[in-house]
Structures are given as structure tokens and as C-alpha cells.
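Read the structure below first, then the notes.
The values are calculated or read from the model by the stated rules, or taken from the named source; none is laboratory data. Keep in mind it's a predicted model, so treat the numbers as computed, not measured. All Cβ positions, even for glycine, are placed from backbone atoms using ideal geometry, and neighbour counts span all protein chains on display. Each accessible area value is taken on the protein alone, full model and side chains, heavy atoms only, with ligands, DNA and RNA left out. Shrake-Rupley method; radii C 1.70, N 1.55, O 1.52, S 1.80 Å.
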Amino acid sequence: MHSVFGRGNAMAAYTLSVLAGLTFCCFLSTVFLDYRTPAVINTRQVVVKSIPDYSASREKNDLGYVTFDLKTDLTHLFNWNVKQLFLYVTAEYQTQSNQFNQVVLWDKIILRGENAVIDLKNIHAKYYFWDDGNGLRGHKNVTLTLSWNIIPNAGLLPNVGAIGSHSFAFPPEYTTSKV
Amino acid sequence: MDAWDDFKRMNKRQMLYQALSFGMIVSSALMIWKGLMVVTGSESPIVVVLSGSMEPAFQRGDLLFLTNNQEDPIRAGDIVVFKVEGREIPIVHRVLKLHEKSNGTVKFLTKGDNNNVDDRGLYAPGQLWLQKNHVVGRARGFLPYVGLVTIYMNDYPHFKYLVLVALALYVLIHRE
């Protein structure tokens, strides 16, 4: 087997197995870490409107407008096996027609090396807060939570919820003015 | 080549043995795949990312490991792999909105991290929501680059046949 082909083959096989072994060690070294950390969310403006949802049913649905503050520091979550964090703020609530509702209002990608200190004031939702029906007006208990999805270099893709959430109520009347 | 000389010197019994070991390789690969299907509950436990719609998290050629346990509910923020009627290739996107009724029926809307709008334009005409039966699996594990080989194979069919023939020849001719 002392040919160019034989040696190339042996080298390629060895390189591949070393790479695979190293990748597996990288995965093992971070698989049991706890990625939870506190975050503070507060709502500023909360109103609800009743207008036709042309993106879905054309019927009049409840549309919430929420602006909120968000403060957290995720710098320490980055280790050698975290390529990216995908942050998202979810509104979670229960209505008569649906036992469980989740609407993502805002998201942000933080790549490794970027600033991971979040201190945002009065941010507007990135996505529309449409309810599936008319369940938002006068709703007493909508919970906002920050979560993040960890994208590793190689390994698991956990979704982690921040410690701490914020509950708020929608006003009992629809707003007719422009928001 | 030495290998070919080796092959010519084989007797019938040895040839049969080579063919059998080739069959073993093929059937154990099939067993691993089917076994993974049982364990994960997904019809396709490993998928290759084919588009850039989830960049920078997933690039073309990255490998995703899926599970699809029915007891494990789908939640906003999950990365789901789903099939839409009229499209053969499954799509890997993130759940943006989700509504679940008390009887367990769930409808949800997805969006790619790198796309500006949600996926209603990708669904079948008139379809507004995805349901459980569209889901192939949920991404649980990630391995970069490994799927590039299959992408090259699909892009260049000649390369695929070359690799397959070379592997088959190697297994059949190579003597322990």
C-alpha cells in the first residue's frame, strides 16, 4: 500500500476521524450547560383594535398593539460551541376559542462576537399581534416571555426561556384612533 | 492494479463472501435508518438544509437531526421541517404563531429567519396554517457541512454514479 493513492486514502481517513472526534468532544463539553439567565420585560403602551385580518380570514379579528422594554445580558451564554442566539419575545395567552396561543412579537439574531447586552426601550413589535378570533379585548392575563434558541457549531438546538416574564391586561374597549 | 489481481485470484467461495459483506453493509445502513425512524418518530430523521432561508443559523449543506414525538407539543420558536402539498422538498422554518384548541388540534404559521415575510406565500394556494400532519419533524441537533456531499451528488448526477460505483467496486474487490 505504499502508493500515492494508499497514503492519500490513509491521511484522508485519519483526518476525518480526528475531526469527527474533536467535533464530538466539542458537543459533549457543552451539552449539560444551563443556559438560563434573567431578563426583564415591561410593557409601555397596550391597546387593542378590531379590524379585518386580510392576511388570513378577512373577518374582523383582534389586533393588539404592544410596545415594551427589554433588558438582559446574554454575553456569558456564548461559549466555544455557540454560533448564534436567536432571541424571540412570545406573547402567551388563553382564549375561549383556543386553549393555548403563542404569538412571536419580536425577534433578533445575535451572532458570536456581536454585542449581547440588550437594553431596549419602548420597542414596537416586529410582527402583528393578531389573535385567532376576538379574544384580546379585555384579556386579563397575557404573558410576555423572552426565549432564545441556541445554534451551536455542532450539537443540540435547545430553546431556553429567560427567568422572569411580564403579564399584562388589554383594555376593555377597542381603540378606534390610529396607533 | 493489485486489487484487481487479488480479485482475479479469488475463488468462488471468496467472491460469494465479498458479495455477502456488501449486502451486510447495505442492509445495516437500511437498519440504522429505519431504527432511527422508530426512535425519533420522524419519517425522515436526518435532513440536509437545501436553502439559505434560515441563515445565518443554517447554511446549505448543514445536517439537521429531527424528532417528532407526538407527546412533545409544537411551540413557538421551534424549528419545524414541514411538507406542503404541491412541493416535494420539505422546508425548514421557525414557528412564529401557534393556536391550540382544547381538543389538541393545533394550527401554526412559520417563517424563515432570513426571510422578511411569513410563509403563507409558500403554502398551498388558500392555505393559511400548517397542521400536525404537515410536520416531518422538529430540529433537535445540528452538524455543519456534512450534507454538502449529498448536495454535490444531486447537483452533479455523474459525480453520484462515480462515487457509488467506486464504493461498490472497493467493497467488492477489496480483500481483507
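Here B:H134 meets the list (1) under 20 Å from A:N98 (Cβ atoms); (2) open to solvent by less than 20 Å² (accessible area, probe 1.4 Å); (3) more than 9 Å from chain A (Cβ to nearest Cβ) almost entirely, failing just condition (2). Of all residues in region A:38-76, those satisfying the criterion of being within 16 Å of A:F170 (Cα to Cα) and either within 14 Å of another protein chain (Cβ to nearest Cβ) or not in a strand (DSSP E or B) (or both) are A:N61, A:D62, A:L63, A:G64. Mind listing whichever residues of region A:110-121 are open to solvent by less than 50 Å² (accessible area, probe 1.4 Å) and within 14 Å of chain B (Cβ to nearest Cβ)? Within region A:110-121, just A:I110 meets the criteria. Restricted to region B:44-83, and to residues there that are within 11 Å of chain A (Cβ to nearest Cβ) and out of contact with any Lys or Arg (no Cβ under 9 Å at 6 or more places or on another chain), the residue that is surrounded by the most Cβ atoms within 10 Å (Cβ to Cβ) is B:F58. Checking the stated criteria, A:F32 turns out to be out of contact with any Pro (no Cβ under 7 Å at 6 or more places or on another chain), in a loop (DSSP other than H, G, I, E, B) and more than 30 Å from A:F170 (Cα to Cα).
Any residue in region A:19-32 that is more than 30 Å from B:V149 (Cα to Cα) and of a type outside the set (K, R)? Among the residues of region A:19-32, at least one is more than 30 Å from B:V149 (Cα to Cα) and of a type outside the set (K, R), which makes the answer yes.
Inclusion of A:G155 among residues that are at positive phi, more than 13 Å from the chain's Cα centre (by Cα) and open to solvent by 60 Å² or more (accessible area, probe 1.4 Å) is not warranted.
Exactly one residue out of B:G61, B:G35 is farther than 18 Å from B:V135 by Cα and not in a helix (DSSP H, G or I), and it is B:G61. Taking region B:144-164 as the range and being among the hydrophobic types (A, V, I, L, M, F, W, C) and open to solvent by 60 Å² or more (accessible area, probe 1.4 Å) as the test, the residues that pass are B:V146, B:V149, B:F159, B:L162, B:L164.
For (1) open to solvent by less than 30 Å² (accessible area, probe 1.4 Å); (2) among the acidic types (D, E); (3) over 22 Å from A:T175 (Cα atoms); (4) more than 16 Å from the chain's Cα centre (by Cα), each residue gets a yes or a no:
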{"position": "A:Q94", "(1), (2), (3), (4)": "no, no, no, yes"}
{"position": "A:D107", "(1), (2), (3), (4)": "yes, yes, yes, no"}
{"position": "A:I123", "(1), (2), (3), (4)": "yes, no, no, no"}
{"position": "A:D132", "(1), (2), (3), (4)": "no, yes, no, yes"}
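Within region B:108-123, being outside any loop (DSSP other than H, G, I, E, B) and either open to solvent by less than 10 Å² (accessible area, probe 1.4 Å) or at pLDDT 95 or above (or both) holds for B:F108, B:L109, B:T110, B:K111, B:D119.
In region B:33-43 there is no residue that is surrounded by fewer than 12 Cβ atoms within 10 Å (Cβ to Cβ), at negative phi, more than 12 Å from chain A (Cβ to nearest Cβ) and in contact with a Gly (Cβ under 9 Å, 6 or more places away or on another chain).
The listed residues are B:G86, B:G141, B:G104, B:G126, and the only one of them that is open to solvent by less than 20 Å² (accessible area, probe 1.4 Å), of a type outside the set (S, T, N, Q) and either part of a loop (DSSP other than H, G, I, E, B) or closer than 23 Å to A:L157 by Cα (or both) turns out to be B:G141.
Counting the residues of region A:1-39 that are among the hydroxyl-bearing types (S, T, Y), closer than 30 Å to A:I163 by Cα and out of contact with any strand residue (DSSP E or B) (no Cβ under 6 Å at 6 or more places or on another chain) gives 3. Entry remark, region B:137-167: residues being within 14 Å of another protein chain (Cβ to nearest Cβ), aliphatic (A, V, I, L, M) and under 30 Å from B:I74 (Cβ atoms) number 4 in total.
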